[in-house]
Structure formats: structure tokens, C-alpha cells
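Undergrad: Okay, handing you the structure first.
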Amino acid sequence: MHTLVINLTRFGDLLQTQPVFSGLRRRGDSAGLVCLDSFKGAAGLLRDVDQVRALPGARLLAQLDRGWPLAVEELASWLDQGWQTPFDRVVNLTPTLSSRLLSRAMHEGQVEGFGLDSHGFGEYSTHWATFLQAASAHRGCSPFNLVDLFQRVAGLDPGEFRLKTPEAPALAAADELLGGKGRRVAFQLGASQDYRRWPVASFVRAGRVLWSRTGRVPVLLGTASEGHLAREFMELADYPCTDLTGRTDLTTLAAVLTRMDLLLTNDTGTMHLAAGLGVLVAAIFLATAQPFDTGPYLEGSLSLEPDLPCHPCSFGEKCPHGLICRDSIEGETVGDMLAGYLDGQAWSVTPGFKGRVWQARRDESGFMDLFSVSGHEGQDRSRWIRIQREVYRQFLDQKPGAGNFSWPGPGSDFRDALVRDLEHAALMLTLVEEQGRILALRPDAPMKPKFLVNCQNLEDFFSRSPSLGILAPMWRFQSRAESVSMTAFLELCARYRGLLDVFRQRLALA
């Protein structure tokens, strides 16, 4: 069977689909990929991909500006080019409307992942697909790594994340840039947003410790547009460093990373590239970035985040604390931690470190998980993440699981507020169910407008809850999908009641 995978996302997300292709290959499938033309180079880093078609996204947008018929003509021409091997099924991993439309234009049958129904409304082939789109808007509520979510949307069990090994020409180009052999660590100074970027001065302080304690030279990585960060670094550094910003294409960057003992980075595509090449990663997560969903998918790697009650913060909100998180993780302490690992191959946290430190390793189900190195497993957020991982996995797979992690005593304000939210949501759901049962018997009952309002009220209540926010878009997507049949809708209500009941049971104090 030949499977076509559609992923119209950015560099890092595209790399994180690698286990999907490897899983398809293990199953005996061949695989093709549709990606944006601006990231076709990243597709060349993927293994087990037999064909790649690059969608001219920028050109289509330019044609739209000139007139939509030109864009339609451009897309039709692209679609007519055909494939070397016809595909039997389509897995769309991008929930945007444009990607759903493309999947429908390319395949007349059922689209797995994110599709459109005959009326143009969004369809989800699995509960995992619904969860993935909900998680994109409520990332602070998602306890699963994006790599695992991609695999589950494609119907695959968690597998290895291993990109192509750089070939000899790329390795030779890397060695020429680096000036021969030596002990080195890579620094990725940039980030997708400036507020998610660890200060250059902090990188400098970490590099100073690494140089003085281990003799390793920092190698600065990044695009040409990040060259000003490298120049700032070199002005502050009083020790050797190598600046490669703007001097590597993707294949050479991959080769450079394989020559490194470790990568210190912000939450970036370079982080995912290093993880896929088996290069140990220590990543800093600031502002809206949080490691449980976008951390490096490599066992043993480290994720560091501020130990602040406001972290991770919500999308689209101005920070009321002056971006205090950017300065809360101290460069010298990070340098000490990394030097200690490089010397002894074991992570240890310097006393007084003002951050949470997590190490990646797989859980009993094969999903990538994070475990505290800094003694933060007992925090409210950590306990809630543990419960969510077990309960959501059972809910999305529709299988009872063996996990039984419950809230360990004592209680807390966080736990008590969450219990109240769950109890309130259960009462609202009861009202919706009772009205739904009456409407199942009498579709013309006058309470129908109130029933619709209460469905919306439940969604609004979920959206206002900091800990249950991910259920708002899930309820919206799934309740509308099941609304064609009141029997199916009531079955959905029963599933959500079961979910809320299990959460309440897990939160009961031991």
C-alpha cells in the first residue's frame, strides 16, 4: 500500500513526522510526502520517504493577490502533475482549512487525520486527531509530545525518531567549517519569537563555564538573520568560539551537529534536528514554550524551564511580569550542569538552581515522557500532567488502561479548584444529557434552543478553565460531528461523563 502524508507546517514540525514514515515502512507501506516548497530541503533529511512533492505556497498566495482564478489554475496545474506511484490512502497531519481542502482535492476517499465532509465541515478520523488540533490552541494543557501525537493520528504506535545520517560530502563540508577535530558544543541562540529566546548573555555565561571546566569550544548556529546574536555573543565572550550563523545549508547543519558533544538551544527546529540525529540536547523553554509537548524526542535529553507559577504562559497575552522568565534561568548554573554531565555522564542540578529540569525517557507505553531531575515531580502541575497522560490516553484510544496514578496527598488550592471545575462541568453535562434525551423522543420540543445554549455554555466553561481548556475545542468538534444523530450525541456525552468521572476519581485524596 502507498500512503501519502500531507504536512504543511514548519521546519521543526516537518522533521517530527519522521517516525510516521518509519512506522509506515515497518508496516510494509511505501510513503509520499506533500510539504511546502520552502521546506523541501528539510524533507531531504527524512528517511523512508519515497516521493516528495513540494506545494508552491508562496506562489499560490501571490496568485491570490492577483486574482483567485489564477491561483486555482496554478493549483490545478500542480495537481495534474501526478505521482510516480499512485497512492491508496492519505494521512493529513495539518488541521488548517487549506490543508484539508488540498487533501480533498487529491483524494476522493476517506482522509485520515484532518479532512472535510461532503458539506465542507471539518472531519477527524480519530479522537487523537481531534486532540491534536485542540492541543495546538491549548499547548499548556497537552501532556503528550507532538511526535507521539503525529504517530497516533496516523494510527501508529510510538517508534524511534531517527533522521538520515549525513553523507560524506556534508561531513567534509562540516569539518572544513569547523577547522578539523576538537571538542565542541553547539549553541542555537535564536528562537521563533524573541520573547521565547534565552538572552545571549546567558549563553555566554554558560559557554564560559563549559570552556573553563571542559575545554569545549561553543559553535554558534543559526540563520543569517540571526547573525546579530552571534556578533553580540562574540563581543561578550572572553574565550574561543566559532560562528557558523548563516554559513550552513540544512545538510551541512546536520553534519555539523553530528560533530558536537551537545546542543544548548532554545525551542527551535535545530533542537528537533539534533534529537533526530541522536545528538544530546539541553533545551531552554520560555514564555509559551513548554517541554511536555515540544521537547526533544530523544531519551536522555534535558529540558529546562523557569520555576514560575505563570509558566508556561498563554498565547496572545501580553506578559504582566516584564518577561521575567527570560532571566530566571542562570547561565553559570546551566554551564555547571552541562559540564558535570559531560565530565561524568550523569545529570545533577546545582543547589539553588531556579528552574525545573526534566529528562526525557519513555514511559511504560512507549510514549516519550519527562521526569524531574530537580525535584519537581511533587508540584501540582506535574501531578496533573501525570494524571492527564494516563486518562487522556485511555479516553482517546477508547480502551481502559492499567495505569492508576492518583493525586498523592495532601490537597492543595490547585487540586481543590480543579475538583470544583470537574464537578461543575459534570452538572452542566447532566443538564445537556437530560435535554438531549427529551429531544430524542420529541425532536420538536420547545427546549431545543435552551439545549443548544447549554451545549455552548459547557464549551465556554471548559475554555475558561486553565486545566481543562483543551476540552473546549474537543467538545466543540466532537459534539457538532455527532449532532446528526441524537443517539450518537448521547453516546458522546456518556464518554465525556466517563472522562470527568475518572479525573474526579484520580483527584480524590489518598
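The values are calculated or read from the model by the stated rules, or taken from the named source; none is laboratory data. Predicted model only: the values in this text are computed from it and were never measured. No Cβ is skipped: glycine too gets one built from the backbone with ideal geometry, and neighbour counts run over all protein chains shown.
Undergrad: Counting only residues that are assigned to a helix (DSSP H, G or I) and either closer than 16 Å to VAL373 by Cα or in contact with a Lys or Arg (Cβ under 6 Å, 6 or more places away or on another chain) (or both), how many does the range 320-334 have?
TA: Qualifying residue count for the region: 4.
Undergrad: Could you check the range 173-199 and list, in sequence order, the residues that are of a type in the set (A, V, I, L, M, F, W, C) and in contact with a helix residue (DSSP H, G or I) (Cβ under 8 Å, 6 or more places away or on another chain)?
TA: Applying the first criterion (of a type in the set (A, V, I, L, M, F, W, C)) to the range 173-199 yields 173-174, 177-178, 185-187, 189, 191, 198.
The answer is ALA173, ALA174, LEU177, LEU178, VAL185, ALA186, PHE187, LEU189, TRP198.
Undergrad: Only one residue in GLN63, GLN84 is without any contact (Cβ under 8 Å) to a residue 60 or more places away in the chain, under 30 Å from VAL147 (Cβ atoms), over 30 Å from the mean Cα position of the chain (by Cα) and in the same structural domain as GLN16 (by TED's automatic domain parsing), so which one is that?
TA: Step by step, each of GLN63, GLN84 is checked, and only GLN84 is without any contact (Cβ under 8 Å) to a residue 60 or more places away in the chain, under 30 Å from VAL147 (Cβ atoms), over 30 Å from the mean Cα position of the chain (by Cα) and in the same structural domain as GLN16 (by TED's automatic domain parsing).
Undergrad: Also: How about the range 5-33: which of its residues are touching a helix residue (DSSP H, G or I) at 6+ places or on another chain (Cβ under 7 Å) and among the hydrophobic types (A, V, I, L, M, F, W, C)?
TA: Residues satisfying the conditions are VAL5, ILE6, LEU8, PHE11, LEU14, LEU15, VAL20, ALA31, LEU33.
Undergrad: Among the residues of the range 231-238, is there at least one that is touching a strand residue (DSSP E or B) at 6+ places or on another chain (Cβ under 8 Å), touching a residue at least 40 places away in the same chain (Cβ under 8 Å) and either under 23 Å from GLY331 (Cα atoms) or small (Gly, Ala, Ser) (or both)?
TA: Yes, because at least one residue in the range 231-238 is touching a strand residue (DSSP E or B) at 6+ places or on another chain (Cβ under 8 Å), touching a residue at least 40 places away in the same chain (Cβ under 8 Å) and either under 23 Å from GLY331 (Cα atoms) or small (Gly, Ala, Ser) (or both).
Undergrad: Where residues in the range 1-35 are hydrophobic (A, V, I, L, M, F, W, C) and in a helix (DSSP H, G or I), which of them is nearest to ALA154 (Cα to Cα)? Spell out how you get there, then give the answer.
TA: Step one: list which residues in the range 1-35 are hydrophobic (A, V, I, L, M, F, W, C), which gives 1, 4-6, 8, 11, 14-15, 20-21, 24, 31, 33-35.
Next, from what is left, pick out any that are in a helix (DSSP H, G or I): 11, 14-15, 20-21, 24.
Values: PHE11: 19, LEU14: 14, LEU15: 15, VAL20: 7, PHE21: 10, LEU24: 9 Å.
Out of the qualifying residues, it is VAL20.
Undergrad: HIS321: crowded, with 16+ Cβ neighbours inside 10 Å and over 21 Å from the mean Cα position of the chain (by Cα), yes or no?
TA: Answer is no for this residue.
Undergrad: Looking at TYR392 and the list (1) surrounded by 17 or more Cβ atoms within 10 Å (Cβ to Cβ); (2) in contact (Cβ under 8 Å) with a residue 24 or more places away in the chain; (3) assigned by TED's automatic domain parsing to the domain that holds ALA287, which single condition is not satisfied?
TA: Of (1) surrounded by 17 or more Cβ atoms within 10 Å (Cβ to Cβ); (2) in contact (Cβ under 8 Å) with a residue 24 or more places away in the chain; (3) assigned by TED's automatic domain parsing to the domain that holds ALA287, only one is false for TYR392: (3).
Undergrad: If a residue must be outside any loop (DSSP other than H, G, I, E, B) and surrounded by 14 or more Cβ atoms within 10 Å (Cβ to Cβ), how many such residues does the range 93-122 contain?
TA: 14
Undergrad: On the basis of being in a loop (DSSP other than H, G, I, E, B), among the aliphatic types (A, V, I, L, M), modelled with pLDDT under 95 and surrounded by fewer than 13 Cβ atoms within 10 Å (Cβ to Cβ), does ALA445 make the cut?
TA: Values: in a loop (DSSP other than H, G, I, E, B): yes; among the aliphatic types (A, V, I, L, M): yes; modelled with pLDDT under 95: yes; surrounded by fewer than 13 Cβ atoms within 10 Å (Cβ to Cβ): no.
No.
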